[in-house]
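Since the structure comes first, as structure tokens, the remarks are kept for the end.
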Amino acid sequence: MLEFILTQVIGAIGYSLLAISYFRKEKKQILSMQIIAYVMFTIHYYLLSGMTGSICNLLGLIALVMIYLFDKYEKNKKILVMCMIPFVILIALFTYQNAYSLLPIVASVTVILSFIMDNENVIRMIGIVSAVCWLVYAIVYQSYVAIVFEVITVISIVIALFKNSR
């Protein structure tokens, strides 16, 4: 029971950081908060035995860190992203557990694609696609905190889209 509660708290920290990140105005701020969130997601899904979710989050974390560090090198960043996508798909498929395992793969690929986007609103819209995929995955793996926070994340991103489009 204590492990279950700890697992949910770890997820809550990650999802809170993700939701807050979309309210940041600059890409670097969004990415730095999401790096910490991805650490939490990786641990969270590992503890829930959602291996595809855990691996996808770990790979997403690696991609986020690399993009964050090499953001000023636009050409290298695009090459890195294009190399990461097949790698994410390949690794995630090795951890395939069921049809729902495809959802974190879709979410991860879309998020990685967002790393080469310069338009913050496009990044936010991709966040909505990713959140919906993770929402369904969270339902399957009984991540109750993720269910709540993915709904909150979608709402937060929609609000952030309207707020920052002015």
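The numbers here are math on the coordinates, done by the rules we state, and not lab data. Quantities reported herein were computed from a predicted structural model and do not represent experimental measurements. Note that we place each Cβ from the backbone using ideal geometry, even for glycine, and neighbour counts take in every protein chain shown.
Restricting to lysines 8 or more places apart or on different chains, can you count the pairs in the stretch 2-164 with Cα atoms under 18 Å from each other? Lysine pair count for the stretch 2-164: 11. Shown in residue order for the stretch 135-147 are the 3J(HN,Hα) couplings computed by the Karplus curve 6.51 cos²θ - 1.76 cosθ + 1.60 at θ = phi - 60°: 4, 5, 4, 4, 4, 5, 9, 6, 8, 4, 5, 5, 4 Hz (x for Gly and Pro).
Only DSSP H runs of four or more residues enter the estimate; each adds -39500 (n - 2.57), and after division by the residues of the chain the mean residue ellipticity at 222 nm equals -28000 deg cm²/dmol. The slack between residue 121 and residue 2, meaning 0.36 nm per residue of separation minus the straight C-alpha distance, is 38.9 nm.
Show me 41-48, 153-160 ranked by packing, highest mean number of other Cβ atoms within 10 Å first.
Averaged packing, sorted descending, gives the order 41-48, 153-160.
Taking the fewest neighbouring Cβ atoms within 10 Å as the starting point, the ordered list for 1, 66, 82, 40 is 1, 82, 66, 40.
Per residue and in Å³, how big is the convex hull formed by the alpha-carbon atoms of the stretch 19-63?
58 Å³
Based on C-alpha pairs under 8 angstrom that are at least 6 apart in sequence, the chain has a relative contact order of 26 percent. Using every pair of separate Cα atoms, the Kirkwood estimate puts the hydrodynamic radius of the stretch 2-164 at 15.4 angstrom.
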